[in-house]
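Each value in this text was obtained by applying a stated rule to the coordinates, not by laboratory testing. Note that the structure is predicted; figures quoted are calculated from it, not measured. Note that we place each Cβ from the backbone using ideal geometry, even for glycine, and neighbour counts take in every protein chain shown.
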Amino acid sequence: MSLLTILEYPDPRLRTKAEPLTEKDFTPALQQQIDDMFETMYAAPGIGLAGTQVDYHNQLIVMDVSEDKNQPRVLINPEYTPLEPTCELMQEGCLSVPEYYADVERYVRIQVKALDRHGQPQEFECDGLLAHCVQHECDHLKGIVFVDYLSRLKQDRLRKKLIKQKA
Ligand code: GNR
Ligand code: NI
C-alpha cells in the first residue's frame, strides 16, 4: 500500500475528464490503485476521493461517510439521477482545496448506478452526506471542483488567499 499525492487547486490536471474503465481494466493493478486511494483518503482524512485528485484519470471513486470508517464504497463508472428536484445547501470541503469550506447546493436524494471493485453492477438510493459526497466526487471525474459553483467574488478571494499562502 502507498500514499498517493493529492493534486491541489488550481492544478490544471484537476480539469481532466476521466475515462470509463472497461472489462480489461479489472486487473490486480486496479485493485492496488483502489487500496492506495482508500489509504490516501483515510489518512487525509476525507470521506471521499476521486481518481482525478490523485492524477488517475479513469472513472474511479472511493468513499466512506461512516462515523467508524468501516463502510468503504467503491464506485466505478458512476451515474446518478435525482429522485426529486429538491436541492439543499451543505458546507463542503475538498482535499484538493485544503482549509477552505463553502456552502454548495446539491440534490437531496439521488439514485446511483455504478460498478463495484470487481466490475459487478450496483445500484442504491441515498440522501444526506452520502448524496452530497457522490455528487462532489462525480464532479471531480468531469473536471469540476466545488469552488466552480461559488460567486466570482468568492473565487477571487480564494485565489488571492492561495497566492498569499504560496508567498
Ligand atoms: O472529505 C471531504 N468532505 C466532504 C464534505 C462535504 C461534501 C463533500 C466532501 S468530499 C471531501 C473529500 C474530497 O475532496 N473528495 O473529493
Ligand atoms: Ni473533492
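Going toward the positive end of the dipole of the chain, with +1 on Lys and Arg Cβ and -1 on Asp and Glu Cβ, which of Leu129, Leu14, Asn58 do you reach last?
Ranked along the dipole, the leading option is Leu14.
Convert 10 °C to kelvin, take the viscosity as 1.306 mPa s, use the Kirkwood radius over C-alpha pairs of the stretch 78-167 as Rh, and evaluate the Stokes-Einstein diffusion coefficient in µm²/s, rounded to a whole number. Kindly include the intermediate steps, with their values, before the conclusion.
On the way: Rh = 14.5 Å.
For these conditions, the coefficient is 109 µm²/s.
For the chain, what log10 I(q)/I(0) values come out of the Debye formula at q = 0.10, 0.11, 0.21 1/Å, with one point per alpha carbon and no solvent?
Log10 of I(q)/I(0), two decimals: -0.36, -0.44, -1.56.
Relative contact order for the chain using alpha-carbon pairs under 8 Å, separation at least 6, rounded to a whole percent?
Details: 293 pairs, mean separation 38.2, N = 167.
Computed over the chain, the figure is 23 percent.
Please get the size of the charge dipole for the stretch 54-95, origin at its Cα centre, with Cβ charges of +1 on Lys and Arg and -1 on Asp and Glu, quoted in debye to the nearest 20.
Numbers: 2 positive and 8 negative charges, 31 e Å.
Using Cβ point charges on Lys, Arg, Asp and Glu, the stretch 54-95 gives about 140 debye.
If I stretch the segment between Glu23 and Leu3 completely, what's the gain in nm (0.36 nm per residue apart, minus their alpha carbon distance), one decimal? Let's see the in-between values first.
On the way: separation 20, 0.36 × 20 = 7.20 nm, distance 2.61 nm.
Separation in residues times 0.36 nm, less the Cα-Cα distance, equals 4.6 nm.
Only counting other Cβ atoms within 10 Å, I'd like Arg73, Arg152 sorted with the fewest neighbours first. Numbers along the way, then the final one.
Details: Arg73 21, Arg152 7.
In increasing order of surrounding Cβ atoms, one gets Arg152, Arg73.
By the gyration tensor of its Cα atoms, with a ≥ b ≥ c the square roots of the eigenvalues, what is the shape of the stretch 2-53: rounded for a/c under 1.5, prolate for a/b over b/c, or oblate?
Working: a/c = 2.44, a/b = 1.19, b/c = 2.05.
Oblate, since a/c reaches 1.5 and b/c is not below a/b.
Charges only on Cβ, +1 for Lys and Arg, -1 for Asp and Glu: so what's the dipole of the chain about the Cα centre, in debye to the nearest 20? Let's see the in-between values first.
Values: 19 positive and 27 negative charges, 185 e Å.
Roughly 880 debye, rounded to the nearest 20.
GluC sites (Glu not before Pro) within the stretch 50-94: which are DSSP loop residues with at most 15 other Cβ atoms inside 10 Å?
Details: sites: Glu67, Glu79, Glu88, Glu92; in loops: Glu67.
For GluC sites (Glu not before Pro) across the stretch 50-94 that sit outside H, G, I, E and B with at most 15 neighbouring Cβ atoms in 10 Å, the list reads Glu67.
Taking the chain, how many lysine pairs are there with alpha carbons less than 23 Å apart, if each pair must be eight or more places apart or span two chains?
Lysine pairs meeting the criterion: 9.
Please report Ser66, Ser96 as a ranked list, fewest other C-beta atoms within 10 angstrom at the top and most at the bottom. Mind dumping the intermediate values first?
Numbers: Ser66 13, Ser96 23.
Result, fewest neighbours first: Ser66, Ser96.
Give me the distance in nm between label points sitting 7 Å out from Cα along the Cα-to-Cβ direction at Glu123 and Asp55, one decimal.
Reported label-point gap for Glu123 and Asp55 is 3.9 nm.
Could you check the spin-label model distance between Ala43 and Leu153? Points 7 Å from the Cα along Cα→Cβ, value in nm.
Going by the 7 Å Cα→Cβ label model, 4.0 nm.
From the P(r) of the stretch 7-100, can you give the percent of Cα pairs sitting at distances over 15 Å?
Numbers: 2893 of 4371 pairs.
Of all Cα-Cα distances in the stretch 7-100, 66 percent exceed 15 Å.
Calculate, in nm to one decimal, what Glu105 and Asn70 gain on full extension: separation in residues at 0.36 nm each, minus their alpha carbon distance.
Working: separation 35, 0.36 × 35 = 12.60 nm, distance 2.74 nm.
Answer, rounded to one decimal: 9.9 nm.
At Glu79 and Arg13, where each label point lies 7 Å from the Cα along Cα→Cβ, what is the point-to-point distance in nanometres?
According to this spin-label approximation, the distance is 3.0 nm.
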